[in-house]
1. What distance in nm lies between label points placed 7 Å from Cα along the C-beta direction at A:L105 and A:K86?
2. Any chance you could run the full-extension gain for A:E174 through A:K74? It's 0.36 nm times the residue separation minus the Cα-Cα distance, nm to one decimal.
3. Please identify every one of the GluC sites (Glu not before Pro) in the range A:119-199 that sits in a loop by DSSP and has no more than 12 other beta carbons within 10 Å of its own beta carbon.
4. What is the gain in length, in nm to one decimal, between A:D132 and A:M98 on full extension, counting 0.36 nm per residue of separation less the C-alpha to C-alpha distance?
5. Quick check on the exposure proxy: order A:R89, A:R144 from fewest to most C-beta atoms within 10 angstrom.
6. Got a sec to turn the phi values of the range A:85-100 into Karplus ³J(HN,Hα) couplings, 6.51 cos²θ - 1.76 cosθ + 1.60 with θ = phi - 60°, whole Hz, x for Gly and Pro?
7. In the range A:39-115, which chymotrypsin sites (Phe, Trp or Tyr not before Pro) are in a loop and have at most 15 other Cβ atoms within 10 Å, using DSSP for the loop call?
8. When the Karplus curve 6.51 cos²θ - 1.76 cosθ + 1.60 is applied with θ = phi - 60°, which whole-Hz ³J(HN,Hα) does each residue of the range A:186-195 get, with x for Gly and Pro?
Amino acid sequence: SHQHEPQLALATTPKRQKVEDAADGCKHCACKKSRCLKLYCPCFAGGGYCSEKCGCVPCFNKADFAETVQTTRKVLLSRQKRMSLKINRRLEANAETMVVFLTQLDDDAFLLSSLWLIIIISILCLCHLQEDAHNSSSSTPPRRGCNCKKSSCLKKYCDCYQDGTGCSLFCRCEDCKNPYGKNEGFMADESKRFIYTGA
DNA sequence: GAGTTTGAAACT
DNA sequence: CAGTTTCAAACTC
Ligand SMILES: [Zn+2]
Ligand SMILES: [Zn+2]
Ligand SMILES: [Zn+2]
Ligand SMILES: [Zn+2]
Ligand SMILES: [Zn+2]
Ligand SMILES: [Zn+2]
C-alpha cells in the first residue's frame, strides 16, 4: 500500500534490495559466479547474510565467513565512496560554473533561468546527502538515477520503476516513459511555467 | 524450464 | 572517467 506514492528523488530512502521481503515476497538471490561477495548479490548489497531460501552456490555470504564478508564489504563500499566523491566534485564544479554564468545575465534572462537554479540546487543537495550518508556509514547513500537505454523505464530493469519512483534529473534514461514520472518537462500553455514531470 | 534481454557492478 | 565485460535478475516463450 505504501509502494505507489510518488517520491522525491532526493529523499533519503534507503529502500533498496529488500531481500527479506517477509515470508510473502520471498525474494532471495540465486547467484552462481559472484559467491555472493559482490554487489551483484542483493543479499550482500543489502547488508545481510544469505538465507536458506537463497539458491546461491557457492555462497560465502554466511555467518561462517563473517570476517571475509565484512572485509569485502568494507573494500567495496570504500571503492564506491571514492567514485561517488569524484563524481560529486565534478557536479559541484559544473554547478559553480553554471551559477557564475547565470548571475552574469541581465534581469529578464535571469528570471527565466530559475529552472536551472533549481536543477543546480538539487544537484548540490544530492551531493551533500551522499557525502553525509557516506560519512555516517549507517544509512545507504542515495542512488543516482537510472541509465536505461532500451526499456524506456517501463520494466523492472529500471530501478526507478521498480521502486515505484519517478525518474529524476539525475537519470540518464533515453525515451523515458516511467509511469511514476517521466524525466521530461514541458512549457505549460499560456504560461511561462516549466512543468517538470519527473520526481 | 530454457533462452534472451537488460542495465548495474565490475573491470581495464 | 570512458569503454568493455561480467553478472543476476527481469522478461519472453
Ligand atoms: Zn547472492
Ligand atoms: Zn542470497
Ligand atoms: Zn548466497
Ligand atoms: Zn530507468
Ligand atoms: Zn530513472
Ligand atoms: Zn526514466
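1. Rounded to a tenth, the inter-label distance reads 3.3 nm.
2. Working: separation 100, 0.36 × 100 = 36.00 nm, distance 3.36 nm.
Once the chain is fully extended between A:E174 and A:K74, it gains 32.6 nm.
3. Numbers: sites: A:E131, A:E174, A:E184, A:E190; in loops: A:E174, A:E184, A:E190.
Passing both the DSSP loop test and the Cβ count: A:E190.
4. Values: separation 34, 0.36 × 34 = 12.24 nm, distance 2.40 nm.
Residue separation times 0.36 nm, minus the Cα-Cα distance, leaves 9.8 nm.
5. Fewest-to-most Cβ neighbours within 10 Å comes out as A:R89, A:R144.
6. So the J values, rounded to whole Hz, are 4, 4, 4, 4, 5, 5, 4, 5, 5, 4, 5, 5, 4, 5, 4, 4.
7. Answer by residue number: A:Y40.
8. After applying 6.51 cos²θ - 1.76 cosθ + 1.60, I find 8, 7, 5, 4, 6, 8, 8, 9, 9, 9 Hz.
Read-outs throughout are calculated quantities, based only on the coordinates presented, and are distinct from any laboratory measurement. Keep in mind that this is a model prediction, so the values were computed, not measured. Reconstructed Cβ throughout: ideal geometry from the backbone, glycine too, with neighbour counts over all protein chains shown.
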